[in-house]
1. Which residues, counting only those in segment B:464-485, are among the hydrophobic types (A, V, I, L, M, F, W, C), at the interface with chain A (Cβ under 10 Å from one of its Cβ atoms) and in contact with a helix residue (DSSP H, G or I) (Cβ under 8 Å, 6 or more places away or on another chain)?
2. Just one of (1) farther than 18 Å from residue A:470 by Cβ; (2) at the interface with chain A (Cβ under 8 Å from one of its Cβ atoms); (3) touching a residue at least 60 places away in the same chain (Cβ under 8 Å) trips up residue B:196, so point out which.
3. Kindly evaluate residue B:461 against the criterion of being in contact with a helix residue (DSSP H, G or I) (Cβ under 7 Å, 6 or more places away or on another chain), over 27 Å from residue B:707 (Cα atoms), crowded, with 23+ Cβ neighbours inside 10 Å and within 14 Å of another protein chain (Cβ to nearest Cβ).
4. From the list B:143, B:129, B:121, which one is touching a residue at least 40 places away in the same chain (Cβ under 8 Å) and away from every other protein chain (no Cβ under 14 Å)?
5. Can you report the number of residues in segment B:222-241 which are open to solvent by 10 Å² or more (accessible area, probe 1.4 Å), more than 10 Å from every other protein chain (Cβ to nearest Cβ), assigned to a strand (DSSP E or B) and among the polar types (S, T, N, Q)?
6. Only one of these conditions is not met by residue A:444: (1) among the charged types (D, E, K, R); (2) buried (at least 24 other Cβ atoms within 10 Å of the Cβ); (3) closer than 27 Å to residue A:305 by Cβ. Which number is it?
7. Restricting attention to segment A:384-408, report how many residues are among the basic types (Lys, Arg) and either more than 25 Å from residue A:625 (Cβ to Cβ) or outside the structural domain of residue A:666 (by TED's automatic domain parsing) (or both).
8. Just a yes or no: is a residue in segment B:579-600 outside the structural domain of residue B:687 (by TED's automatic domain parsing) and closer than 24 Å to residue B:675 by Cβ?
Number of protein chains: 2
Amino acid sequence: MKRRPLLHGLSIMLAVSTMSPPTGGHAGTKATTQPADMVDPRIGTGGPGHTFPGASVPFGMVQPSPDTAMPEFHHAYDWAGGYQYNDPTIMGFSQTHFSGAGHSDLGDWLLMPVSGDVRMEPGDPAKPESGYRSRFSHAGEEEHPGYYAVTLDDYGIRAELTAGPRVAWHRYTFPADQPAHVLLDLRPSIYDYPGKVLWTRLRVRADGTITGCRTTRGWAPGRTTCFAMRFSRPMSAHMLYNHETGLTYHGFRGPGNAPMDPNVQTGRAVEAVFDFGRLSAPLVVKVAMSPISETNAIANLDSGGQGWDFDARRTDATNAWNRALSVIDVSGTAEQRTQFYTALYHAMLAPTLSMDANGDYRGPDQEVHRARGFSFYSTWSTWDVYRAQQPLMALLRPDMSAQFVRSLVAAQQASPVGVLPIWSYLGLETWCMTGYHAVPIIADAYLAGVRGFDANAALDAMVASATSPVYGDLTDYMKLGYVPIDHEAEAGSKTLEYAYDDWSLARMARAMGRTGIAETFEKRARNWRNEWDPQTGFMRARLSTGEFHTPFDPGAAAYGSDYTEGNAWQYLWYVPQDVPGLIATVGGGAKFTAKLDELFDTKVDPARFRNVEDISGLIGWYAHGNEPSHHIAYLYDYAGAPWKTQQRLQQIMDSQYSARPDGLAGNDDLGQTSAWYLFTALGFYPVAPGSNEYTIGRPFVPKAVLHLPNGRTFTMVASGLDAAHPYVASVTLNGRPQDLVHLRHEDILKGGELRFVMQADPKH
Amino acid sequence: MKRRPLLHGLSIMLAVSTMSPPTGGHAGTKATTQPADMVDPRIGTGGPGHTFPGASVPFGMVQPSPDTAMPEFHHAYDWAGGYQYNDPTIMGFSQTHFSGAGHSDLGDWLLMPVSGDVRMEPGDPAKPESGYRSRFSHAGEEEHPGYYAVTLDDYGIRAELTAGPRVAWHRYTFPADQPAHVLLDLRPSIYDYPGKVLWTRLRVRADGTITGCRTTRGWAPGRTTCFAMRFSRPMSAHMLYNHETGLTYHGFRGPGNAPMDPNVQTGRAVEAVFDFGRLSAPLVVKVAMSPISETNAIANLDSGGQGWDFDARRTDATNAWNRALSVIDVSGTAEQRTQFYTALYHAMLAPTLSMDANGDYRGPDQEVHRARGFSFYSTWSTWDVYRAQQPLMALLRPDMSAQFVRSLVAAQQASPVGVLPIWSYLGLETWCMTGYHAVPIIADAYLAGVRGFDANAALDAMVASATSPVYGDLTDYMKLGYVPIDHEAEAGSKTLEYAYDDWSLARMARAMGRTGIAETFEKRARNWRNEWDPQTGFMRARLSTGEFHTPFDPGAAAYGSDYTEGNAWQYLWYVPQDVPGLIATVGGGAKFTAKLDELFDTKVDPARFRNVEDISGLIGWYAHGNEPSHHIAYLYDYAGAPWKTQQRLQQIMDSQYSARPDGLAGNDDLGQTSAWYLFTALGFYPVAPGSNEYTIGRPFVPKAVLHLPNGRTFTMVASGLDAAHPYVASVTLNGRPQDLVHLRHEDILKGGELRFVMQADPKH
């Protein structure tokens, strides 16, 4: 068993200081390793990162991964990814996981291989022998993109996972002297709670294929998801259970008074045990998903799950990741490259394929639709990923970006209320979080040159979202120019978010020549000004009367307060579409810079935010663990203090990221926190997606080559970068001097070299 | 408001005695009325008949009808059809009903028109003002095939119902001075119980179409059924509710913190109120069903529900019934014709269309299938309807019979366990009742000359059912030649039923030249002999050791006893495939006749059967209210005592049928009890479906002309029939003397005249 050591205990600066040579060439491990080899899926699996260590292909439908705690710790924020690094036991391997979500669900089709006697309940993590869960150690784990393995110590079983686009593959090596079993427990899920499972059906077919569907009332209520599963060896026996007790009505269970058919089970607490006797060779299990039906799940299995060659499928998954990750060749220390490629890996897990092999997908109307000419993707954490993860895809993967836009528009067209996805998965809407941030996702893609979708239909969908009366506050917003706090919670931040979304919509409409729409939304884009309170110097929520909401405490934060998962300190800066205007409003560059410094430097007791679990990663009032802060460090640039941006980025990189399991200071949020890392490491960041402009920071890797989909390469070189030279002396683009603030998207697309020359002192 | 008087208080014999002329011609009302005018849908709506008074077209998908008691009297046998004639209030009009079932479900999409203030709960029938239910009187009701109307006294609303194949039509005339509302309550259903509704979704679309789906865990667990509804006038407002309380997890209800979208509701206790203000003209409501999806329900509505002309749709429904009922022209008194055409009406309500306009249907695997070249029908009470209702369709409606057979075979092909339907509806299996009686349905149709299906595929499906290990007892049966009672409840009757089913299968296989199968099942058809106990003179259950089960009481009956809904007295006679063999076994004709007399003449306390609600309609031990007795009166024929058959039929007709609401002595069972009436009134009955032979009884109508689908007519004339001449003197077929026992199916198909000459005294 090959183990890759976990890199830890080294700060970025130390790592950079040991680089040799520090610039201009391939770093030590480059020649001998593929990018996937550098990824460490453990990063983010401890603490608030909420990533999962299991297997997936890029944007794949299935994510088989170990679950450590469910269902005992139901509805638990810390287990949103199913796994917490410090947990002592594994309960099983479910097939679906979100990467880094701040609210959660999934954990479907939990499989657990068991040797010897079978216990039917998951058991207490504190007493693993009380259930089917098993102890494990990190020494017994191995994690790579598309591959996960662990030894289940209580059973002596080696469990390995890999994945295709729609099929999860498991390989279980049982001790040869014990009866081998596989449990399928359809009761638990992530964010479990009593009554969550509405209905399950399970069926063992004559050919040994096991199929079923489960309907749950979790985050996306009434979600039905189906599966089809096959084993590489025939079962010697199987038992299907429904553990429900106290049923008022049983109906009839089988023909006549015969016992229940042993091949079918239904109910709300269904579990199955599959027996294999003693096995001298590994058992391979493949599980295909479908958001539609058992029939489609079988077709998905047939089309993507031929044969039993687990190693070949693992190689496929590894190759898929190497192809995906090789869009950037990054140089640096092993730790730098691990952090970078792990971030890129995390940025390419979602949105996920949510369409069957025949093109069927489920829409937000719960109905079945057929995709024609595109692939339908879901898992949309739009409040997060519009900021950097989707702009990164528009830059590096316009092919995927086009599919994403088509999926968003298809979802809007099937929406019962005619709006673009907000937080949706498997096609269904959760209504979680604020804003119509699918609008900037589409606008940014269009303005970045992504094509392959009907731009007029997309713009129509964007306008429909941005004017929908189902946003209870939009009606007021369109009338008053702000969301009134007496009509709508979190009105302060909603006004700011809408204004930015509106600006992005206007940008796309303007580029398309749809002038009327452009004008309407350009006007709306200025609504942030309605929140400005010169008295206190903050953006504040107003009542419908026009008065500011009182009392006012700029440090106060609570769910349902004046701001969404934040306070006035964190939202003051949310005018990415007009930073110069914001600076002028605040009172000019010096005052703006001083206020930014106050943001970062104020001593804040983290206990202030104990009621808002999403606010984490504090530097003063700045909270890198949550998205509203993500662009703020770059704002010094606009106030004439780029060296302060560079300084703050260093501070954030040092304190908020590491190559450890707890190396993400906040939820990865479907790749947004990782995408921040990637852009920042490259030296620039999309402060205002849709602007076609990146804001220059400072690089954290010595060199990175972007292999652009147009065939060109764009190379970032950080000349002289080391711990002693963290500041930017100059930037040149293809040899021409570049200012320290702006980098145009089209200049990247042209290819060439962006060269940073680093220096020891801040450049004033 | 035109009212048709209810015929009651006149016995059949009195009615016959007032006929003029009693034979040979059309009776008084014939020339001026259509058959549908003679139908009284009230028959069977009181007592144990379990029919519904509402609207349906022949074999239609929807059956809008008033519901009087649900959900207060949950899981209540007496309300299996939703309505009990003696109830004082109507709770609403749901769209789906079984006709005469002995177990139940449905009652989907309950609508209630309300004027004035709205109460959200159905309320207590004893205090109708406590809820939305309304008092009504029978004077305010009008019932015809395809049409039902009632005045809701508490609201002053006239409610009318009609139906198309997939669309239920309602017309509500509100008092003009009160606000008009329509309630849609998605909580109740027939055979309700706490927790039955698993999930509901409801949506008001921009064009005013209301759609939704509901999943319940009733008789067919996990049944999802959808609907689409439109109103002829725009709503002034609507409110959608979910009345669930104490939810552990709410998730998010609308975009951001906005209130729940007013156009969508989900949950387990959903209800909607639609407001229309004051209406000066009637409101028309049309509701289409789909077993698949909202999309399909809308398509069903579009394809079958154009316009708002309620009266035109009522005319369509009336015409459909007149066409369907005119397969037989029957003469007689008004009461005779009412009873006859009502029975024919009840015999043509099921199986029901269970396929969307696009051909989609749900199979017993819960998956969506597409019918190609046929229409999929479900609602299969096979244990009942194989006896006479399906043979009647094979005779009169081979076109429908062919669709039924194709539907049965399609269901078998989609069955998770590979068996033909047992008791299934909307494609789903309930596993209710015993035997594989779809086998004799298909065999009888094939042998009766019904074509238009793949006979080999059908035979394969029949063999698959008749050998399926999912019948826990079939394995033993195939090994031992009987079902052992120590392995399987109700083994005594199961052995007898299987043996008959086997015989019918063998008959079809023999006719097709599939000799191997024929021989196997011909052997199995003789298994009834393994039950015979010469010691007691009854058919008895044996243990697997071969010993008879003791203690033995031939009068004992209980669910799960040695017999299915019956006792040894009732099951002794269940050898329809070999009555001569049974007579010889019992000890010859005299002994057999004496035992039959004992069956009918023993004084039996009905309280003996209070634990078996299906056993009703007692004459001695004979129980006409349940199907196992249905063929018994005809068995005297075979023992050389046809006059005793004639006598017993008179006794049954007099005591078990009337033209009153309580005019059915047992469950109509999807038309089986009515089909018995029809055949018996015509003078012959299919004692052994699949034999191509009817057993002659005595006619109860003076004349009937069967319009055969081959273009010929077959006329039954009962010459001299009156109360004083109840016995058959002679039978001639096209003038040739016929014995008093046998009538061949092919002789009917040739057309011609079957003439009974009646006499005063029994013919010895």
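The values are calculated or read from the model by the stated rules, or taken from the named source; none is laboratory data. Since this is a predicted model, take the numbers as computed values, not measurements. Counting neighbours? That spans all protein chains shown, and the Cβs are built from the backbone with ideal geometry, glycine included. The area values use the complete protein model at the heavy-atom level, side chains included, leaving out ligands, DNA and RNA. Shrake-Rupley method; radii C 1.70, N 1.55, O 1.52, S 1.80 Å.
1. Of everything in segment B:464-485, those that are among the hydrophobic types (A, V, I, L, M, F, W, C), at the interface with chain A (Cβ under 10 Å from one of its Cβ atoms) and in contact with a helix residue (DSSP H, G or I) (Cβ under 8 Å, 6 or more places away or on another chain) turn out to be B:474, B:483.
2. (3)
3. No: the conditions fail for residue B:461.
4. The unique qualifying residue is B:143.
5. Summing the residues that are open to solvent by 10 Å² or more (accessible area, probe 1.4 Å), more than 10 Å from every other protein chain (Cβ to nearest Cβ), assigned to a strand (DSSP E or B) and among the polar types (S, T, N, Q) in segment B:222-241 gives 0.
6. Exception for residue A:444: condition (3).
7. 2
8. yes
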